[in-house]
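In what follows, a single structure is set out as structure tokens and then discussed.
The values are calculated or read from the model by the stated rules, or taken from the named source; none is laboratory data. In this text, all values refer to a predicted model and were calculated from it rather than measured experimentally. Neighbour counts run over all protein chains shown; Cβ positions are idealised from the backbone, glycine included. All accessible areas refer to the heavy atoms of the entire protein, side chains included, with ligands and DNA or RNA removed. Shrake-Rupley method; radii C 1.70, N 1.55, O 1.52, S 1.80 Å.
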Amino acid sequence: MCDITRPDWANSSDLLRDYYDNEWGAIVSDTPGIYERIVLEGFQSGLSWEIVLKKRPAFREAFDGFDQAKIAMYTDDDVARLLDNPEIIRNEKKIRAAITNARATVALESAGVSLAGLVWSFAPEDPIGPGPDAGRSAESTALAHELKRHGFTFVGPVTMFALMQAIGIYEHRL
């Protein structure tokens, strides 16, 4: 018998159970970790999280370990290379968003602002949050707006709510 109560989405496969039990909701407070999760949340948009998790090792390899400084230097040749890679999700808008978001991350850092610090500045006073099925929150909406103001794309309120849950800004309770 399992001691962990999981939401339905986390019970549908061993991969999702392992992710939920060992990663989802754990504190991630470094810029590289948050950048990677923003990219992966963007790629997940319209798809299942399980697909993204299965492809995560290939994403890490194809995107230079999610090194935002390297990705910020990507050219159209890199976009073409990524579009030709059958191991990742080959969506040009999402690939270009990963590059745009790397450039925005580098620009933030150049201005003396860390992506991690910016994201965590939107943590609510109540870490329990609105609940795992809310889909968005006032904080995720404000975070999405602020990231977009800094040039990020594919960072809507729902995607940022998922990010905030995944990196431990909201404690998960069922």
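Would you mind stating whether residue 146 is charged (D, E, K, R) and crowded, with 18+ Cβ neighbours inside 10 Å? For residue 146, the condition - charged (D, E, K, R) and crowded, with 18+ Cβ neighbours inside 10 Å - is not met.
To keep it simple, each residue is scored yes or no on (1) part of a helix (DSSP H, G or I); (2) open to solvent by less than 20 Å² (accessible area, probe 1.4 Å); (3) of a type outside the set (Phe, Trp, Tyr); (4) closer than 20 Å to residue 127 by Cα.
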position	(1), (2), (3), (4)
6	no, no, yes, yes
9	yes, no, no, no
17	yes, no, yes, no
24	no, no, no, yes
40	yes, yes, yes, no
43	yes, yes, no, no
46	no, no, yes, no
50	yes, no, yes, no
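The residues listed here are 128, 89; of these, the one that is among the β-branched types (Val, Ile, Thr), part of a loop (DSSP other than H, G, I, E, B) and surrounded by 18 or more Cβ atoms within 10 Å (Cβ to Cβ) is 89.
Return the only residue of 8, 67, 77 being closer than 19 Å to residue 163 by Cα, at pLDDT 95 or above and not β-branched (Val, Ile, Thr). None of the others qualify; the one that does is 67. If the condition is being in a loop (DSSP other than H, G, I, E, B) and among the small types (Gly, Ala, Ser), then region 149-165 contributes 151, 156.
For residue 171, indicate whether it is surrounded by fewer than 18 Cβ atoms within 10 Å (Cβ to Cβ), of a type in the set (Asp, Glu) and assigned to a loop (DSSP other than H, G, I, E, B). Criteria met by residue 171.
For region 52-82, enumerate the residues that are farther than 30 Å from residue 17 by Cα and surrounded by 19 or more Cβ atoms within 10 Å (Cβ to Cβ). Hits for region 52-82 are 71, 74.
The conditions are (1) among the hydrophobic types (A, V, I, L, M, F, W, C); (2) within 21 Å of residue 165 (Cβ to Cβ); (3) in contact (Cβ under 8 Å) with a residue 40 or more places away in the chain, and residue 102 fails exactly one of them. Which is it? Condition (2) is where residue 102 drops out.
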